[in-house]
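J.: Before I ask anything, here is the structure I am working with.
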Amino acid sequence: MVRLRNWKIKINVDDIVFIDAHRVSAEKRVPGEIVRQTEPSTFIVKSNSGAMHKRHVDQLVKPPPQRSPRLMIKNEGKL
């Protein structure tokens, strides 16, 4: 996963991200979807449970891009 902190990574509405979970008994991060941008660095995120969370860009983690299995096989053995 890529931390967004010091990088200029674009986050758009409908992007899938992981958000920092602040509950004591919860996992460290939970998946969610960007609903809207409220400020240049603040977003409203809907978690998989349906709850809405307001998070700063530093509290969001964008998952790595998915690679096609076909491309992974094609590039296998090449370093």
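J.: Checking residue 21 against (1) modelled with pLDDT under 90; (2) touching a Lys or Arg at 6+ places or on another chain (Cβ under 9 Å); (3) loosely packed, with under 15 Cβ neighbours inside 10 Å, which test does it fail?
T.: For residue 21, the failing item is (3).
J.: Still on this structure, I have one more. Name, by its number, the condition in (1) surrounded by fewer than 12 Cβ atoms within 10 Å (Cβ to Cβ); (2) at pLDDT below 90 that does not hold for residue 14.
T.: Condition (2) is where residue 14 drops out.
The values are calculated or read from the model by the stated rules, or taken from the named source; none is laboratory data. The structure displayed is predicted, hence computed values, not measured ones. Neighbour counts are summed over all protein chains in view; Cβ atoms, including those assigned to glycine, are modelled from backbone coordinates with ideal geometry.
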